[in-house]
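What follows draws every value from the coordinates through simple rules; no lab data is involved. The shown structure was predicted, so the numbers you read here are calculated from the model rather than taken from an experiment.
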């Protein structure tokens, strides 16, 4: 039977996920899993908020707060929250790679994450914020957040009313 999910082609190979699964890692992380998940959600929210603040500012015409000044203020929060998000995400993946990697939107999330990072790298090399870079960044990171939310939610159940 074929997978009815239109993104089934993008899933990570089951053999790879099985190879990455470790009962010892799972068992050692079990007592901390809920705290790591909480850290991941809070750090991702902080990161997305920082990115959105900068991207939305880049989309506006020059105004009261110069972009460079805002970027200097937001940058430490952005870097810290991104590092915490990536670290906690890796731990969550290591906790249960088969379950996490099998989610329909996990691979698209990784692709959008790569797009967001590539856009940030190009933006950093150009040393200026363009409207196009702001749109691409906002779309990529919003896509990452949407994929994360869709990955966590189970398939809808039939209403019983």
Chain lengthening between residue 122 and residue 34 when straightened (0.36 nm per residue, less Cα-Cα): 28.1 nm
Extension gain, residue 132 back to residue 114 (0.36 nm per residue minus Cα-Cα distance, nm): 4.8 nm
Which of rounded, prolate or oblate describes segment 13-56 when judged by the alpha-carbon gyration tensor and an a/c cut-off of 1.5? oblate
Can you tell me how much longer the chain between residue 73 and residue 41 gets when fully stretched, taken as 0.36 nm per residue apart minus their C-alpha distance, in nm with one decimal? 9.3 nm
